[in-house]
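Asker: Sharing a structure, written as structure tokens. Questions coming.
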Amino acid sequence: MARANAVITGWGFYAPSRVMTNADLEKIVETSDQWITERTGIKERRIAAPDESTSTMATKAAERALAKAKLKPSDVELVIVGTASPDFVFPPVASLVQAALGATRAGAFDVGAACTSFVSSLAVASGMILGGAVRNALVIGAETLSRIVDWKDRGTCVLFGDGAGAVVLEASSASVGVQSTVLHGDGTKCDLLWVPGGGTKNPTGAEKLEARMHYIRMNGNEVYRSAVKAMAEAAEEAIAKANLTADDITLFVPHQANLRIIEGVAKRMRFPMERVFVNVQRYGNTSAASVPIALCEAVEAGRLKRGDKVLVAAFGAGFTWGASVLEWFGEHEGPRQKSPLDIASRAIEDLVDRVRPA
Ligand SMILES: CC(C)(COP(=O)(O)OP(=O)(O)OC[C@H]1O[C@@H](n2cnc3c(N)ncnc32)[C@H](O)[C@@H]1OP(=O)(O)O)[C@@H](O)C(=O)NCCC(=O)NCCS
């Protein structure tokens, strides 16, 4: 099969059932629904249950994406999880997801680019598909930020939430699919949004815990200014790289950090808010999970159909940022074409089954 493009054929998300409203936060820190709503647009966020973690939520989102794509776990060739809140330092979350799904043939690794992790993962997966290394990939963004947020810091704890979103990316001869990708970074700004403790530089210890170094720290004003500029510039670059103009974009699905950032990006791009998808009011900033969750909800709301051009963009710690333009494919119809390798390995499996003593 000619590998003309990488197309999204499945999508799914999972959000924990526990809803934490701004009113709930008023009982934890000195804040108000009015302050949070005016500064961020956020009204509520989801919080993972004690028995949930990044990998369990990622697995649920992945199962839904695979079902939509009508693929079996054993068909999956690659699992990538974009995350800043992994279950463990290692193994990667992707390995835990691979095991939970039973994706026995898949390679697995995580991508760590904070809130940009899903857009970066999509770039890696589409590159591998276009290069012929794999025919499909599960690309997941998943976070349990409630476990690394400082619940005593009102400047950050009101912003974040938990969840996971996943897409299945497949090689296709269709003319639609990933049209352009841009990724950028500025590591000189790394201490404006970070978790200083718990890594090898400041290993976990009583002193570090006392200083609350294992929680998210942020300079909100600096991050705000940089996020608006960087996301708008990356989005414009991705549109130009796809040989399109902003008028060609059916829907813009930006990282859902904060309504003011999203509005600032749209204003800077002179892009109409009616064509921007926003769900930050219900989930807060779910970091790597925000773009895939928003993408899923946009499709469910009927805002994307085959051939539509969707722009995604994200910004996060590092600083890292990027954007991508995709021509929407939608659900796969009819049987998939099998590769000669697939046909041969299935024939060998059948032969082994037949000669194996009962
Ligand atoms: C965090 C953010 C909402 C703060 O908004 P802001 O308008 O910049 O507010 P400031 O930080 O200037 O703080 C203004 C006041 O509100 C206070 N404040 C901060 N958090 C508060 C809260 N949750 N409730 C009430 N008051 C709060 C501050 O202490 C400050 O009080 P002071 O003037 O007495 O010192 C904003 O900077 C922002 O959105 N930054 C980007 C954050 C983000 O999206 N990060 C992730 C990117 S991937």
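Quick note: the coordinates plus some simple rules give every number you see, no bench work behind them. All values reported here derive from a predicted model rather than from experimental measurement. Please note: Cβ atoms are built from the backbone with ideal geometry, for glycine as well, and neighbour counts cover all protein chains shown.
Asker: Give me the net charge for the shell around G165: Cβ to Cβ below 13 angstrom, other residues only, Lys and Arg +1, Asp and Glu -1.
Answerer: -1
Asker: In terms of modelled amide H atoms, which long-range or inter-chain residues lie less than 5 Å from the amide H of Q179?
Answerer: V325, L326, E327
Asker: What 222 nm value per residue comes from the helices of the chain, counting each DSSP H run with n ≥ 4 as -39,500 (n - 2.57) and dividing by all residues, nearest 500 deg cm²/dmol?
Answerer: -10500 deg cm²/dmol
Asker: If you count the DSSP beta bridges with both ends in the chain, what percent of them are antiparallel, to the nearest 5?
Answerer: Here the share of antiparallel DSSP bridges comes out near 75 percent.
Asker: Near A15, within a Cβ-to-Cβ distance under 12 Å, what is the net charge of the other residues, with Lys and Arg +1 and Asp and Glu -1?
Answerer: That works out to +1.
Asker: Towards the positive end of the charge dipole of region 5-332, with charges on Cβ (+1 Lys, Arg; -1 Asp, Glu), say which of C190, S55, I293 has the farthest Cα.
Answerer: I293
Asker: Relative contact order for the chain: what percent, with Cα pairs under 8 Å and sequence separation of 6 or more?
Answerer: 24 percent
Asker: What list of ³J(HN,Hα) couplings, whole Hz, do you get for region 114-124 from phi and the Karplus terms 6.51, -1.76, 1.60, once you set θ to phi - 60° and write x for glycine and proline?
Answerer: Once rounded to whole Hz, the list reads 6, 5, 8, 4, 5, 5, 5, 5, 4, 5, 5.
Asker: Calculate the dipole size of the chain relative to its Cα centre from +1 charges on Lys and Arg beta carbons and -1 charges on Asp and Glu beta carbons; express the result in debye to the nearest 20.
Answerer: In debye, rounded to 20, the chain gives about 280.
Asker: Hey, what do the phi angles of region 298-310 turn into as Karplus ³J(HN,Hα) couplings, whole Hz, using 6.51/-1.76/1.60 and θ = phi - 60°, x for Gly and Pro?
Answerer: 5, 5, 4, 7, x, 8, 9, 10, 3, x, 5, 9, 10
Asker: With N denoting the number of residues in region 25-105, provide Rg(C-alpha) divided by 2.2 N^0.38 Å, to two decimal places.
Answerer: Compactness ratio reported: 1.48.
Asker: When only alpha-carbon atoms count, how far does the chain stretch along each of its three principal axes, as whole angstroms with the largest first?
Answerer: Principal extents (Cα only, largest first): 70, 51, 36 Å.
Asker: Please list the non-local residues whose amide H lies under 5 Å from the amide H of G41, H modeled 1.01 Å from N, same-chain partners needing a gap of 5 or more.
Answerer: L259
Asker: Using just the Cα positions, wrap region 181-257 in a convex hull and report its mean projected area in square nanometres, one decimal place.
Answerer: 6.7 nm²
Asker: Taking the highest mean first, how do the peptides 192-199, 126-133, 293-300 order by number of other beta carbon atoms within 10 angstrom per residue?
Answerer: With the highest mean Cβ count within 10 Å placed first, the list reads 293-300, 192-199, 126-133.
Asker: On to the next question. Counting Lys +1, Arg +1, Asp -1, Glu -1, what net charge surrounds G112 among other residues with beta carbon under 14 Å of its beta carbon?
Answerer: -3
Asker: Towards the positive end of the charge dipole of region 5-332, with charges on Cβ (+1 Lys, Arg; -1 Asp, Glu), say which of G155, V29, G102 has the farthest Cα.
Answerer: My answer, from the dipole projection, is G102.
Asker: Taking θ as phi - 60°, what are the ³J(HN,Hα) couplings along region 27-33 by the Karplus curve (6.51, -1.76, 1.60), each to the nearest whole Hz, with x for Gly and Pro?
Answerer: In residue order, the calculated couplings are 7, 9, 10, 7, 8, 8, 4 Hz.
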